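Worksheet: one structure, shown below.
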């Protein structure tokens, strides 16, 4: 079993280049020294270590969000959180009547930020029940990590294949810096949001598949005295 939580964060900074000033609309400022002439994309996937907790009873775990709602069916519970943080760096130049902006770097951080396995206090570490339940719950963490790795590759492919992202040679033209930042943010969202939405759906379905049919039916016979 699992509970899902996700967050989408976007961080961006904008500032006019050191030589910003009136320019022809067809000649935006050159990128600052030390930056490449074209934008660079990178996707980083991070994964938190699994935490195992034994501070709840079977009945308490059964009442947690995401549990099956029955002490006989909810023998353990895994709660998982993941997030996507988007960091962009872009350049701007001011023309006679407009601001021009383009991406230098786009870095995505897809993180499985928390994996917590809740094991019932009734099952002592090393017992038959404990080991069987723990093995099943670890499967939920494994699925979360596999799906995140897959999604990171898809995000990188989507960025690499995207058309219409502002570059130095095809910049955003906006009335001011704030408007330019909004357009840049929307341009990135248009590329990554569909991929992240698909990741959420695929991850949820993969997690549900681990619990269909009741994953414990096949193992009840291996241990005596199931509670």
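Here are a few things to note about the model shown:
- Meets criteria (part of a strand (DSSP E or B) and more than 28 Å from the chain's Cα centre (by Cα)) for residue 93: yes
- Flag if residue 208 is surrounded by fewer than 20 Cβ atoms within 10 Å (Cβ to Cβ), within 22 Å of the chain's Cα centre (by Cα) and without any contact (Cβ under 8 Å) to a residue 60 or more places away in the chain: yes
- Inspection of the range 31-47 identifies no residue that is at pLDDT 80 or above, under 26 Å from the mean Cα position of the chain (by Cα) and part of a loop (DSSP other than H, G, I, E, B).
Residue-wise test of (1) closer than 21 Å to residue 208 by Cα; (2) buried (at least 19 other Cβ atoms within 10 Å of the Cβ).
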site: 102; (1), (2): no, yes
site: 110; (1), (2): no, yes
site: 132; (1), (2): yes, yes
site: 140; (1), (2): yes, yes
site: 151; (1), (2): yes, yes
site: 157; (1), (2): no, no
site: 161; (1), (2): no, no
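- Of all residues in the range 129-174, those satisfying the criterion of being touching a strand residue (DSSP E or B) at 6+ places or on another chain (Cβ under 7 Å) and within 27 Å of residue 93 (Cα to Cα) are 159, 160, 165, 166, 167, 168, 171, 172, 173, 174.
Residue-by-condition table, conditions (1) within 30 Å of residue 100 (Cβ to Cβ); (2) touching a helix residue (DSSP H, G or I) at 6+ places or on another chain (Cβ under 9 Å); (3) at pLDDT below 90:
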site	(1), (2), (3)
126	no, no, no
131	no, no, no
143	no, yes, no
148	no, yes, no
153	no, no, no
158	yes, yes, no
162	yes, yes, yes
165	yes, yes, yes
170	yes, no, yes
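The values are calculated or read from the model by the stated rules, or taken from the named source; none is laboratory data. Here the structure is a predicted model, which means the values were calculated and not measured. Cβ sites come from the backbone with ideal geometry, for glycine too, and all protein chains shown count toward neighbours.
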